[in-house]
Amino acid sequence: MSSSPAAPAAAPGRGLPVLLALAFVACALLIVLGVWTHGRMPTLASRHGASIDAVIRYLLVATGILFLLGHGVLAFFVLRYAGAGERGSPHASARTEWRWALVPVLVMCVLAEGGVLIVGLPAFRQLYVDTPADPWVVEVVGKQFEWLVHYPGADGMFGESRAELVSDARNPLGLDRKDPNVKDDVWTRGQLRLPVGRPVVIRLRALDVIHSFTVPEFRVKQDLIPGFLGRTQFEPTRAGKYEIACAELCGLGHYRMRGFIEVQEQSEVDEWLSDQDPAF
Amino acid sequence: MKPILLTLPFLALLTSHTVPTGPAAAAPRGDEVGIVRGKAAFQGEAPRRRKVDMGSDPACHQLHADEPLRDESILVDDKGGLANVFVYVSKGIEGKFTPPTEPAVLDQKGCCYAPHVLGMQVGQKLVIRNSDPVTHNVHSFAKKNKAFNQSQQSGSKDLEHVFDKEEVLMQVKCDIHGWMSTYVGVVEHPFFAVTKADGSFEIPKLPPGEYTLTAKHEALGTQKTTVTVAAGGTVETSFSFAEQ
Amino acid sequence: MAERSGSGVLSAPTAPVGHAGAHSAPQGYLRRYVFSTDHKVIGLQYLLTAMFMALVGGGLAALIRVQVAWPTLAVVAPETYLSVVTMHGTIMVFFVVSLALVSGFGNFLIPLQIGARDMAYPLLNALSYWTIVPGCLLMLLAFFVEGGAAAAGWTAYPPLSALAEAVPGSGLGQTLWLLAMALFIASFTMGGLNYITTILNCRAKGMTLMRMPLSVWMFFVSAILGVLAFPPLTAAALMLLGDRHLGTSFFLPGGLVFGEEVLAHEGGTPLLFQHLFWFLGHPEVYVIVLPAVGIAFDVIAAHARRPPFGYRISVWATLLIAFLSMIVWGHHMYVSGMNPLVGEYFSIATVSITAPFSVLGINLIASLWRAKIRFTTAMVFALGIISVIGTGGLGGLYLGTSTSDIYFHDSYFVVGHFHLMIGVVTLMGTFAACYHWFPKMFGRLMDERLGKLHFWLTYVPMMAVFVLMHYQGLSGMLRRYYDHSMYAFQAEGIRLARTISYFAFAAIAGQLLFLVNFGWSALRGRRASENPWEATSMEWNTASPAPHGNFEADPVARRGPYDYAPPGSRQDFAPQWTA
Amino acid sequence: MDGLSPTRSERAAQTLLFAFLATVVMLFAGFTSAWLIRRTGSDWGRLALPRLAYLNTAVLLLSSLTLELARRDRRARGRLFLPLTLLLALLFLAGQVGLWRALSHGGAFVTSTPQGAFLFLLSAVHALHLLGGIATLAWLLHRRAAPRLAAVYWHFLGLAWLYVLGLLHLA
């Protein structure tokens, strides 16, 4: 094979490999450091959120290490084996190839599979297994581009609602005025009041398209599928004002579908509820 | 010469787009036409008007800081008169009528539609204005006409629509502010009216003849009655609505 | 453009000699270039179509970046913004990345690398290209219809995608979207069937399955995945069309209220569509990413002058990935109200994919051990792929776990992750392939200096854009938002939006450089020999550019595809076709 | 198909056919999973199939039989079986259209019940694939070639139709 006239210059000099290795190492370091400077999660305000944060922090550390290791080796190889030169045989026996294949499999099984399961179990239990005693029950109904919050009132029973009775201005939830439970029900547009330190169970219902009830501070996110009665449960641990946002694309006003949460003492919540207009 | 012939079908295509306007009715003299006047009443105890909860948009809440807006869907005055009932002649009118040139205006002021019920003619231009400091999203749920769903930033130019079919009480609402919703009645002819605060309405310049009047309220249903209008005469009628 | 010798894609082909039933090369401009059945011409046509669609997709991306970073400018209205987001997603996933890599380079490389004259069914191959062209036109036409293009996201979840009352784009725009997707699926299935038949039946003598280059293996696995995973989406699209136009209720439940009226649907469930869509969705991302990994292996072997580390293991790992990718789709639906135990199963299955994928990653890095790296542009892009696979792949762990996905679902973390994996890895795979196989396509070499500049203008800005998006996701910023400024908790994320947009504009500008380099080198680039990179796989056994019918005489594969640094030989490579 | 020896082109055609059948199997698998989830809906009911459906199925199975005979028997009498199969196939299609009209004479049967919608969708997709089969058979008839792989495809479509009927009976 005559050395083809058009082959690129054999040794382009040390410039490019050094630059490339530097780029890989720099990008790895910057990414890992960037998590502290720019990647701060909203301060936690719910009990089960602590275990979700634990999973995320565990993953940040685990993937951070693997990430630095990978880029470090890549940069070293790029520098060490640039250009021609005496190298020794690059061929590896089948045994070494299988051994080196086992390393990532074991690391991933232990680190990813094992770690995620073990660290993730408490969150799973708190979110799906535990049934809170004496929870504060509220219903949040999602419709195109607002959250309707429906409080059961003193009797703890939600008034029955039917789709035919929905009228946007007067009765957006479609509550049935003849149902006795409706008498003490209260509904508001996007005002959710939660007692601090008491577990809350939120019934989730959508009237038109899929929405998703999310409050980052509480680490809560749950889709509202029309035709289904969804639920989510958590326990707010810090009083204050929070915002409800919609996480599932639901149309033009998806970005404006904002609700307000105020976590207060139980007494303040009851007092606020008492001076709201009843449903009818 | 040939290219001009080519453009003719093209022009015809363009002109046919606008609504066919028939012979304009000659301006009637006073004694040749009658007037229908009447009152819409609400039976039973007037429902309490809930405070409109504008919590979900602080900017709107701001606009009503002093006196909160009350729900306007069922407006009953102290003598039982029902406002915002759209009354129109549903049978007995023949011929085509040129739509008025000035547009029907629907204003969004104080995160609320004004007027609450709007009457307009087929072919008349509907102008939707946003005089609020807040973005609104005008969503019409027209069934017979072409529905539209547009966002309107505060201070942006007015939206304009023309309807080519009759549709009584087409809902137009703002998807962002759930409490904002208005009802538009589109009829072929100019013989319609919306009852005032005391429930009264008046349909002038009616050619003599026998007509069916339909009164529709956004939440309390529809009532019909037939009247006979004599030349130069005035006919009184009334409708009564009740909560289902 | 008289060609000196040999024949090529852009020159008058000479009739190949020496075997029975040789069909004469097609004559006439139309038969040879436009309606050609030559896999090389079809591959190039796919590539050029993908480049055009990439301009559209890139333009949409720029529009999104302007709107998100400067919402007060309101360059687009909210309804148009949703169409822009939807069409950017759809065009990039299906009409740019699948087209350029799987259909473009798959068509061009497979027959050459397995020593075949052409695809098993050239007419079917041409038909598959000419099915995608109307698909592209329909997709672009959707912008100009009443109500605008589809606006329910590239995932088109009902009821949003089923009801025109829900969003204007779900009127005529969504119908055109569904038809364009039907055409894409038809074309992709025809292509996939052709790849499988060709790879199984048309290999040269001596070319056993384990002597095929890894890029052909990856095209083979990606074709199988594509053929098996797309039909459920076809079923879902047909049912969605039924719901939209025939009044059926597959996905629409009772009690939907629009404009104070209840729609006449009953009993359907939107989750059914999500299951069917994501049953395709996840294998589809592997259909796109695996060929890029295969191309990285090929390019690294050729420019590092050593065989890839663990060839057989990589093949088995790819087959395992293909199988696992069919059983993990549920991780897209953790927060959709799925039974938590099912969520736990999908967590374990999804996280298990990191094992075989990290084996591929390790093999890629280990393929540099004791190498003699020649820093050509193709090699630099292949090294970039390794870095991006590391970044993107590890990001998937956060989303594969049901507990942490509660926080990250539908946030910018997801946007950053999938852009890294099926955006940057595949784009850099396409660029590595272009720079590496350009001699075989046009008989010329692309300019190395422009290429290196193009690499730096792609790797650095794109990594910056999509890694910063991970931070936005960490701080709670939600995706598909027209304007984030209303929310207090998204203020932290918004501060990064402008930096990301500047990097994004730099990345898009960098791609124009590539187009210039591609166009200019195709006509004026330095002339290339048959084997400019001194590589060993079969495609370098024929002239540059490869003539019609590919090989003068039927090639015979006498050794493996990557016989570099053979012990005791003067040259540092032993081509596959030499004894 | 140029450049391949006859035996390899035969094997290539088989590969293409079986890969395509895998696609069709996955398509019906998609519909089956939709059917499994949808039948748990509140409004799901039994579907009363008119006698025409079973008659039609018999016609399709008969056409499979005649095609099998055409495949095996190349003598003069064998020439008759291919056009007969084509005739039966067209009869089956006409029967399907009749079935749709029979089912929808009351109200629109596609939209009234979910199982009706499934029957319509599955039979429409099946009919579409049948059209492909009929085109192939007609092309074979024109070329006076022996139907080998086309027979496999046709029998597969017969089985697919039986599968659809079984699915709807299991409602």
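Side notes on the structure shown:
- Where only DSSP H runs of four or more residues are counted, chain B gives -2500 deg cm²/dmol as its mean residue ellipticity at 222 nm, each run worth -39500 (n - 2.57).
- Across peptide A:205-218, the average count of Cβ atoms from other chains found within 10 Å of a residue's Cβ is 6.
- Backbone geometry of the range B:55-61 corresponds, through the Karplus equation with coefficients 6.51, -1.76 and 1.60 at θ = phi - 60°, to 3J(HN,Hα) couplings of x, 6, 9, x, 4, 5, 3 Hz, x marking Gly and Pro.
- The value given for the range B:40-184 is a Kirkwood hydrodynamic radius of 16.8 Å, derived from the mean inverse Cα-Cα separation.
- Summarising the strand pairing of the protein assembly as shown, around 70 percent of its internal DSSP beta bridges are antiparallel.
- Global form of the range A:136-274, assessed from the alpha-carbon gyration tensor, a/c cut-off 1.5: oblate
- Extreme residue, positive dipole direction of the protein assembly as shown, given options A:Ser267, C:Thr401, D:Tyr54 (C-beta unit charges): D:Tyr54
- Ranked by the mean number of other Cβ atoms within 10 Å per residue, highest first, peptides A:75-87, C:437-449 order as C:437-449, A:75-87.
- From the alpha carbon centroid of the range C:408-463 to that of the range D:120-171 is 45 Å.
- Rounded tilt (10° steps) of A:94-107 against the dominant C-alpha axis of chain A: 30 degrees
- Relative contact order for chain A, counting Cα pairs under 8 Å that sit 6 or more residues apart, in percent: 19 percent
- Taking packing as the residue-averaged number of other Cβ atoms within 10 angstrom, the listed peptides A:266-272, B:178-184 run from highest to lowest as B:178-184, A:266-272.
- Helical contribution to [θ] at 222 nm, DSSP H n ≥ 4, -39,500 (n - 2.57), averaged over chain A, rounded to 500: -10500 deg cm²/dmol
- Note: relative contact order over the range B:96-244, using C-alpha pairs below 8 Å and six or more positions apart, is 19 percent.
- Residue mean of other protein chain beta carbons inside 10 Å, D:10-18: 5
- Counting every other Cβ atom within 10 Å of each residue's Cβ, C:Trp154, D:Trp154 order from fewest to most as C:Trp154, D:Trp154.
- Highest mean packing comes first when the peptides D:41-52, C:235-246 are listed by Cβ atoms within 10 Å, giving C:235-246, D:41-52.
- Membrane-span-like helices in chain C, defined here as complete DSSP H runs extending at least 27 Å along the helix axis by their C-alpha atoms with mean Kyte-Doolittle hydropathy no lower than -1.0, are C:39-69, C:122-141, C:172-201, C:214-241, C:270-304, C:377-400, C:448-474, C:497-524; this is a sequence and geometry rule, not a statement about a membrane.
- Gyration tensor over alpha-carbon atoms, chain A, equivalent ellipsoid semi-axes in Å: 57, 21, 17
- For the range D:6-169, convex hull of alpha carbons as volume per residue, Å³: 103 Å³
- Inter-chain shielding of C:482-489 (mean C-beta neighbours from other protein chains, 10 Å cut-off): 5
- Normalised size of chain C, defined as Cα radius of gyration per 2.2 N^0.38 Å with N residues, equals 0.97.
- Of the residues A:Leu252, D:Leu60, A:Leu22, the one with the fewest other Cβ atoms within 10 Å heads the list, and the complete ranking is A:Leu22, D:Leu60, A:Leu252.
- Across chain C, the relative contact order, built from alpha-carbon pairs under 8 Å that are at least six residues apart, equals 18 percent.
- For chain D, the longest principal axis of the alpha carbon atoms and the long axis of helix D:114-143 meet at an angle near 10°.
- When both bridge partners sit in the range A:136-274, DSSP labels roughly 70% of those beta bridges antiparallel.
- Likely footprinting exposure, C:Tyr334, D:Tyr54, fewest C-beta neighbours within 10 Å first: D:Tyr54, C:Tyr334
- Pairwise inverse Cα distances across the protein assembly as shown, averaged and inverted, put the Kirkwood hydrodynamic radius at 34.1 Å.
- Charge context of A:Glu86, other residues only, Cβ under 11 angstrom, K/R +1, D/E -1: +3
Bear in mind that the values in this text are calculations on the coordinates, not laboratory data. As the structure is a prediction and not an experimental result, all values here were calculated from the model. FYI the Cβ positions are ideal-geometry reconstructions off the backbone, even for glycines, and counts take in every protein chain you see.
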